[in-house]
Amino acid sequence: VSPIIINTVITIQSALSPAAETPEELESPVPQDLWERRNLKDLKLWFLEEEEEKVTQAVIPLVPHGESLKMYIHSICLTLEAGVGHRTMPMLLAKASFQGDVKNWSTLINLHCHLDLE
């Protein structure tokens, strides 16, 4: 019995039997409808809401709170491979690094980022 025949038998057996869902898939923190289209009006985002005319007694000045987020991703590697016979050959290799700095995102946002892609 060769490894090719064992692989063929396992492939046929897995296609005939239904795959059981793992507990991680059932209790995933990612919503099931993440990639479905949604209407923007149903999302109720604060920057898409229409402002109602409000009478305010005093004007509150915008004071930066000093929020800060710094993100460094030193290496991202993406490889696209194709099967040729019984081996895989790399077709596309993309390497990237990312640096980002965000300040005061709740008031006066300041964003600076840098992406290197090879």
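The values are calculated or read from the model by the stated rules, or taken from the named source; none is laboratory data. Since we're looking at a predicted model, the values are computed, not measured. We place every Cβ from the backbone using ideal geometry, glycine too, and count neighbours over all the protein chains shown. The area values use the complete protein model at the heavy-atom level, side chains included, leaving out ligands, DNA and RNA. Shrake-Rupley method; radii C 1.70, N 1.55, O 1.52, S 1.80 Å.
Local charge sum around LEU93 (other residues, Cβ-Cβ under 10 Å, Lys/Arg +1, Asp/Glu -1)?
On the way: positive: LYS95; negative: GLU81, GLU118.
Summing Lys and Arg as +1 and Asp and Glu as -1 gives -1.
Quick check: Cα centre of the stretch 87-118 to Cα centre of the stretch 28-52, how many Å? One Cα centre to the other: 24 Å. As a length-normalised measure over Cα pairs under 8 Å and 6 or more apart, the relative contact order of the stretch 68-115 settles at 38 percent.
Label zone (SER68, point 7 Å along Cα-to-C-beta; backbone nitrogen cut-off 11 Å) within the stretch 79-115: 102-104. Distance between the 7 Å Cα→Cβ label points at SER2 and GLU36: 4.8 nm. Ordered by solvent-accessible area of protein heavy atoms (1.4 Å probe), largest first, the residues TRP35, TRP46 come out as TRP35, TRP46.
Residue-wise HN-Hα couplings along the stretch 28-34, as the Karplus relation 6.51 cos²θ - 1.76 cosθ + 1.60 with θ = phi - 60° gives them from phi, are 6, x, 7, x, 5, 9, 4 Hz; Gly and Pro carry x. I'd like the FRET efficiency for ILE109 and LEU78, computed as 1/(1 + (r/R0)^6) with the beta carbon distance as r and R0 of 35 Å, rounded to 0.05. My answer for the efficiency is 0.75.
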